[in-house]
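Written below as structure tokens is the structure these notes are about.
The values are calculated or read from the model by the stated rules, or taken from the named source; none is laboratory data. For clarity, every value in this text was computed on a predicted model and none was experimentally measured. Glycine also receives a Cβ, built like all others from the backbone with ideal geometry; neighbour counts cover every protein chain displayed.
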Amino acid sequence: MASDMQTVTRSEPATPRTAPMSAAKPRPAGGARWVVPAKVAVFIAALYPLARLVLFGLTDRLGSNPIEFITRSTGLWTLVFLCITLAVTPLRRLTGVAALVRFRRMLGLYTFFYATLHFTTYLWFDKWFDVAEIVKDIGKRPFITVGFAAFVLLIALAVTSPRAMVRKLGRRWQTLHRAIYVIGALAILHFWWMKAGKHDLLLPKIYGAVMIALLGWRLVVWIRERRTTTRRR
Ligand code: HEM
């Protein structure tokens, strides 16, 4: 299966190794003139959640519990960016626009950026850097345990995202970056368990369905690839 921390970082070969899910044949990834301005636009647009929080903070619109507002907003945006990052490969295959791959690393790093803001809000404003209290919380509340596990995995993927690390780690890089699937599952579990306590599962169900579709798509591609390889042998 094509690794999907390709999803977060790696450049893919111009021609995919596997048969696309649709008839559309991806054009080569490099060279498209629209890519650079589009990347700048995506970079700026991805700053919207941060700009919104800063604006709300400056204009006293963070509600009666600003820490909860910031924690929830950054948590939700982390999940949104995770879904967008995971959607790049299916979109590339379905539309045939290979240049979409050039947005993946940036989107993956934005996922990490919002996860870091989310974790920092918890660490700083919720727990005031009380390490003993944080360790206790991670051990005691399952939704915090899985959120923390997802964040630790995201750190590993972000640290190994530069091209130099891709070269250095070789095949191990691909194996490591498959952790993106685990991160997707843990993120949904984190959201689900948090909202289950509040009997409010609508959003976790919607995001869960999106995640199942994104990961299920990869599973189908993987099964097809294996069948093709077996037949060739
Ligand atoms: C990939 C990593 C993570 C993702 C995708 C994520 C996502 C989310 C989401 C979607 C929410 C709910 C937002 C809402 O109510 O609309 C949330 C809430 C929360 N998350 Fe995370 N999270 C992650 C990691 C973490 C970590 C590492 C911690 C702390 C150790 C954490 C602590 C919390 C807390 C305290 C809340 C708010 C609970 C409440 O208001 O009752 N999350 N997160």
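Here is how the numbers come out for the structure above:
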{"read-out": "Where L169 falls short, out of the listed (1) in contact with a Ser or Thr (Cβ under 7 Å, 6 or more places away or on another chain); (2) buried (at least 18 other Cβ atoms within 10 Å of the Cβ)", "value": "(2)"}
{"read-out": "Looking only at the stretch 54-72, and only at residues there that are closer than 18 Å to T111 by Cα and touching a helix residue (DSSP H, G or I) at 6+ places or on another chain (Cβ under 6 Å), the one that is farthest from the ligand (Cβ to nearest atom)", "value": "I70"}
{"read-out": "Within the stretch 125-141, tally of residues that are at negative phi, outside any helix (DSSP H, G or I) and either more than 12 Å from the ligand (Cβ to nearest atom) or within 22 Å of the chain's Cα centre (by Cα) (or both)", "value": "1"}
{"read-out": "Unmet requirement for T89, which otherwise passes all of (1) more than 9 Å from the ligand (Cβ to nearest atom); (2) at pLDDT 95 or above", "value": "(2)"}
{"read-out": "Residue satisfying condition, being near the ligand (Cβ under 8 Å from one of its atoms), touching an Asp or Glu at 6+ places or on another chain (Cβ under 8 Å) and either more than 18 Å from T121 (Cβ to Cβ) or not small (G, A, S) (or both), within set I183, I144", "value": "I144"}
{"read-out": "Qualifying residue in the stretch 116-124 (condition: in contact (Cβ under 8 Å) with a residue 24 or more places away in the chain and more than 10 Å from the ligand (Cβ to nearest atom))", "value": "yes"}
{"read-out": "Count - residues of the stretch 163-179 that are of a type in the set (A, V, I, L, M, F, W, C) and touching a residue at least 40 places away in the same chain (Cβ under 8 Å)", "value": "4"}
{"read-out": "Count of residues meeting criterion [within 16 Å of the ligand (Cβ to nearest atom), closer than 16 Å to R93 by Cα and touching a Phe, Trp or Tyr at 6+ places or on another chain (Cβ under 8 Å)] in the stretch 197-232", "value": "1"}
{"read-out": "Among (1) within 14 Å of the ligand (Cβ to nearest atom); (2) free of Cβ contacts under 8 Å to residues at least 60 places away in the same chain - the single one I44 does not satisfy", "value": "(1)"}
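For every residue, the table says whether it meets (1) crowded, with 19+ Cβ neighbours inside 10 Å; (2) at pLDDT below 95; (3) of a type in the set (S, T, Y).
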position	(1), (2), (3)
T111	yes, no, yes
T116	no, no, yes
P142	no, no, no
T145	no, no, yes
A150	yes, no, no
L154	yes, no, no
T160	yes, no, yes
I183	yes, no, no
I188	yes, no, no
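Table: residues versus (1) more than 30 Å from V221 (Cβ to Cβ); (2) at pLDDT below 50; (3) over 16 Å from the mean Cα position of the chain (by Cα); (4) not hydroxyl-bearing (S, T, Y).
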{"site": "A19", "(1), (2), (3), (4)": "no, yes, yes, yes"}
{"site": "A23", "(1), (2), (3), (4)": "no, yes, yes, yes"}
{"site": "G30", "(1), (2), (3), (4)": "no, no, yes, yes"}
{"site": "V35", "(1), (2), (3), (4)": "no, no, yes, yes"}
{"site": "I44", "(1), (2), (3), (4)": "yes, no, yes, yes"}
